[in-house]
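Scroll down for the structure; my scribbles are underneath it.
The values are calculated or read from the model by the stated rules, or taken from the named source; none is laboratory data. Computed from a predicted model, the values in this text were never measured in an experiment. Quick reminder, even Gly has a Cβ in these numbers, built from the backbone with ideal geometry, and neighbours come from all protein chains shown.
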Amino acid sequence: MILLLQYTIIFASVLMLVALGGCFSERSGVINIGLEGTMVIGALGGALVMKYLPVSAGAFAMVALTVLASALLGMLFSLFLAVAAISFKADQTIIGTAMNMLATAGATVAVKAMNTIASGGNDVSSDIAYTHTKDLFIVRLGEFEFNWFMLIAFVCLIISYVALYKTRFGLRLRSCGEHPQASASVGINVFKMRYAGVLISGLLAGLGGIVYITAGVSVWKFEYGVAGFGFLAMAVMIFGAWHPLRIALAALLFGFLRALGNVYSGFDFMLALNIPGVVYNMLPYIISLVVLAFTSKKSRAPKAAGLIYDKGSR
Amino acid sequence: MKKEKTPLIRQDGFQTLLSSLVCVLGGLIIGYIVLLLIEPSGAFGAITAIMKSFFRYPGKMMLKYFGQTLVRTVPLLMCSLSVLFAYKVGMFNIGVAGQYVAGACGCLYAALAWKLPWLPCLLIGMVAAGLLGAISGLLKTKCNVNVVISGIMLNWITLYLTNLILGKVKSPNSPYTLELRGNNPGALLPRMGLDKLFNNEKSVTIAIPLAVIIAVAIWFVLNKTKFGYELKATGHNYHAARYAGMKENWNIIVTMFIAGALAGLGAGMLFLTGIENWETTTSSVPAMGFNGIAVAFLGGLSPIGSILSSFFIQYITFGGGNVDLQVYSSQISSLISSLIIYLCAFVGFFKFFIQGRIRKKDEKLAAGAAEKREGGDAK
């Protein structure tokens with residue numbers, strides 16, 4: 001039971017971080033389909049720090065540097081979206097799709113090259129192992145393994161809520177996702193706001209990436225990307241109606257379902273139900289599709305999300 | 001009346017071709033730089049290995065690999081047709097990946113569990129994928145759900161469902177589905193002697209000419225029929241199409257059905273050749289669909305362009321397997337193709353740039369002509 005709770009919280013942390021990222025981007029008016037890819041790149045940054053920083057560096061330095069590397073790489077990668085979609089007015093969906101392909105291919109090529117060079121051609125895998133350093137992130141409270149990432153995710157949630165709803169910046173950002181021409185008419189720089197939205201989404205998604213790959217395992221194969229968690233986070237964002245607090249609740253629900261898929265075989269009564277594991281993996285997507293079907297008539301989605309900002313149009 | 005000849009650079013088709021070539025060149029150059037970064041000494045050899053693809057093998061082997069490349073080009077072409085067809089009505093069919101999976105699920109289950117011959121298998125896969133596409137269309141028209149979002153959700157639902165369903169016909173000691181050749185050879189697509197052309201490569205079937213015929217048919221439907229015209233009108237302006245009396249909602253659903261069916265057909269045309277089996281532990285949506293998006297845009301959203309671009313992408317993908325795997329990885333070609341699709345998003349900007357240059361030149365010429373005329377008046 002404690003294992004279920006632990007997995008639920010850690011998966012919920014991942015989903016919440018990435019979905020909040022998506023929320024910032026869409027609220028500013030840019031649909032970020034590249035969340036999945038951004039997670040991969042963020043995960044790569046964090047995993048490299050965890051691999052090469054010695055355990056003797058201590059828990060604080062380890063956590064801080066890992067978080068920093070993931071967030072920074074995530075932000076850099078999201079520039080691919082920002083530059084193309086905001087400055088060059090390219091189609092956001094194509095860019096996002098390309099980013100997802102680019103991230104997995106790029107990360108695989110990079111990790112394989114590093115492994116090949118380090119081993120002199122014996123190891124051509126795309127694995128990064130961080131077995132020893134992973135322990136620095138965990139504080140054992142009885143059977144429950146508290147992970148510092150859980151706290152970080154919670155802090156990010158509060159900051160996001162305050163930034164979006166209690167500050168001038170948040171109000172301006174949200175206005176750019178609803179009616180950018182109106183925002184521009186009162187002197188808000190729409191381009192700047194959208195850059196901010198996309199970069200913040202890169203930061204949060206990058207963080208989510210490292211949390212995801214350290215959640216259950218201590219070796220990650222980068223050929224697999226992040227197995228659809230970025231897309232699941234989009235579902236969380238939609239189910240959470242683009243609002244940080246609802247996103248947190250949605251993340252808990254979807255995280256619970258995902259955790260159930262991982263550990264259901266440990267419960268006798270769940271085994272007796274005889275539901276295949278994939279059903280738990282499928283459920284989040286089905287739920288969000290059904291919710292969408294019922295609520296999209298009067299959608300809460302930012303009105304200008306996905307539209308290219310053209311100063312001339314009204 | 002004599003038709004005035006437009007200079008090549010002013011033709012839309014040529015501008016598209018030029019932009020696509022720039023994208024390809026850009027992708028290759030960046031790919032080469034990555035190779036240089038990994039290990040400078042072998043980089044040139046690696047990029048030529050990718051570019052030469054199957055041509056670097058001697059006679060008979062080359063034909064065999066050429067055949068295999070064509071076999072894998074077929075589903076890619078079909079997926080890209082699916083994407084561009086939906087794009088004409090203004091739908092971004094990111095669900096093509098899931099529709100491809102549904103097609104694989106339908107045809108393989110029909111072939112392995114019901115032991116049907118190839119034609120019904122192909123049709124079942126096609127209809128399964130078409131229905132999935134129609135769900136997206138229905139959700140759009142009835143409930144106003146964004147097609148991109150519903151497509152993404154349906155991709156994952158379909159993937160998990162397919163793993164579940166095809167798990168019933170998998171071989172007992174591996175995660176792959178049973179071999180078609182051993183279990184139901186009747187479900188393999190007929191070869192009609194085509195394999196003889198490619199050094200007896202067994203996977204070369206009628207799928208290859210069929211795919212080309214379908215591409216031409218799609219071109220015909222889009223450009224020469226009333227239905228195609230209505231679709232494009234709906235894509236340009238939904239409300240205007242409605243005002244003009246077109247059944248815009250019905251058109252969207254039918255289009256999405258056809259788009260799905262094309263992707264499903266593509267899956268059938270790959271899996272019913274026996275070249276590949278479905279892995280029932282697949283944990284992410286196959287890249288085929290997403291590559292189809294790349295191919296569609298690289299081909300300038302034209303069915304004929306798609307034939308060329310799908311072959312090109314498959315050509316360099318095969319080439320990627322040729323690099324020295326002790327130094328480089330075969331994913332370098334996926335990196336190049338993803339760079340190409342990324343650059344493709346700039347095609348609009350690039351065309352705008354060319355047109356801007358042309359306009360400036362025109363204005364200069366016009367100004368020059370006006371000056372001359374004025375000069376003439378003064379005399």
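Looking at this structure, is A:Ser125 closer than 29 Å to B:Leu335 by Cα and either in contact with a Ser or Thr (Cβ under 6 Å, 6 or more places away or on another chain) or modelled with pLDDT under 85 (or both)? Yes; evaluated as a whole, the condition is true for this residue. Against the test of being at pLDDT below 85, in a helix (DSSP H, G or I) and either among the β-branched types (Val, Ile, Thr) or under 26 Å from B:Thr162 (Cβ atoms) (or both), the options A:Met270, A:Met282, A:Met234 yield a single qualifying residue, A:Met270. B:Ser309 satisfies every condition listed in (1) farther than 30 Å from B:Leu112 by Cα; (2) in contact with a Ser or Thr (Cβ under 6 Å, 6 or more places away or on another chain); (3) part of a helix (DSSP H, G or I) except (2).
All conditions in (1) touching a residue at least 60 places away in the same chain (Cβ under 8 Å); (2) in contact with a Gly (Cβ under 9 Å, 6 or more places away or on another chain); (3) surrounded by 19 or more Cβ atoms within 10 Å (Cβ to Cβ) hold for A:Phe80, with the sole exception of (1).
Residues in the stretch A:33-56 that are exposed (fewer than 15 other Cβ atoms within 10 Å of the Cβ) and among the hydrophobic types (A, V, I, L, M, F, W, C): 1 in all.
Here is a yes/no grid of residues against (1) modelled with pLDDT of 85 or more; (2) closer than 16 Å to B:Ile218 by Cβ:
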position: B:Ile253; (1), (2): yes, no
position: B:Phe257; (1), (2): yes, yes
position: B:Leu265; (1), (2): yes, yes
position: B:Thr273; (1), (2): yes, no
position: B:Asn291; (1), (2): yes, no
position: B:Phe311; (1), (2): yes, no
position: B:Thr317; (1), (2): yes, no
position: B:Val323; (1), (2): no, no
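Within the stretch A:101-125, the residues that satisfy the criterion of being of a type outside the set (Ser, Thr, Tyr) and facing another protein chain (nearest Cβ under 7 Å) are A:Met101, A:Leu102, A:Ala105, A:Gly106, A:Val109, A:Lys112, A:Ala113, A:Gly121, A:Val124.
Examine the stretch B:271-283 for a residue that is touching a residue at least 40 places away in the same chain (Cβ under 8 Å) and under 15 Å from the mean Cα position of the chain (by Cα), and state whether such a residue exists. No, there is no match, as no residue in the stretch B:271-283 is touching a residue at least 40 places away in the same chain (Cβ under 8 Å) and under 15 Å from the mean Cα position of the chain (by Cα). For the stretch A:62-84, which positions are away from chain B (no Cβ under 13 Å) and of a type outside the set (Gly, Ala, Ser)? Result: A:Met62, A:Val63, A:Leu65, A:Thr66, A:Val67, A:Leu68, A:Leu72, A:Leu73, A:Met75, A:Leu76. Residues that are within 20 Å of the chain's Cα centre (by Cα) and closer than 22 Å to A:Ala84 by Cβ were ranked within the stretch A:283-308; the one that is farthest from the other protein chains (Cβ to nearest Cβ) is A:Pro302.
If only residues of the stretch A:193-231 that are assigned to a loop (DSSP other than H, G, I, E, B) and among the aliphatic types (A, V, I, L, M) are counted, the one that is surrounded by the most Cβ atoms within 10 Å (Cβ to Cβ) is A:Val226.
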